[in-house]
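Below: the structure, in structure tokens.
The values are calculated or read from the model by the stated rules, or taken from the named source; none is laboratory data. Only a predicted model underlies this, so the values are computations on that prediction, with no experimental measurement involved. FYI the Cβ positions are ideal-geometry reconstructions off the backbone, even for glycines, and counts take in every protein chain you see.
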Amino acid sequence: MFSLVFYALSFLLLLFKVGMAPIMFSISMLLSLVWVVLVLMEIMKSGRISNSERLLLALFIIVFNIIAGIVYFYLLRERVTGIKIIKKK
């Protein structure tokens, strides 16, 4: 979700024709790439899901990068890793 902020910021900078917009866009692309690699490693190392689920999750993460990040962290990560998310009251 952190890269989503950079995507939005770089898009706004592109709209207003600010000179550093390409740099911000490059940073957001780099953050997305790092995020995808880390999540794919987490999925592939998981012993809690089947191989077919791994394949589907990997395709989902690669194709729907930003939306998949939100879905993965809020709905799927606990199933993949077994780590419970502590919700604040």
Checking the condition of a type outside the set (A, V, I, L, M, F, W, C), surrounded by fewer than 16 Cβ atoms within 10 Å (Cβ to Cβ) and under 17 Å from the mean Cα position of the chain (by Cα), which residue from S26, S50 passes? S26
Scanning for something part of a loop (DSSP other than H, G, I, E, B) and farther than 20 Å from F73 by Cα, does segment 4-16 turn up at least one residue? yes
Test of understanding: among I83, I49, I61, which residue is more than 19 Å from L4 (Cβ to Cβ) and at pLDDT 90 or above? I49
Restricting the first residue to segment 4-21 and requiring it to be touching a residue at least 24 places away in the same chain (Cβ under 8 Å) and farther than 19 Å from S32 by Cα, which pairs with a second residue that is of a type outside the set (K, R) and exposed (fewer than 14 other Cβ atoms within 10 Å of the Cβ) meet a Cβ separation below 9 Å and a spacing of at least six or different chains? none
Positions within segment 53-81 being in contact with a Ser or Thr (Cβ under 8 Å, 6 or more places away or on another chain) and either within 17 Å of S32 (Cα to Cα) or exposed (fewer than 12 other Cβ atoms within 10 Å of the Cβ) (or both), in sequence order: N65, I66, G69
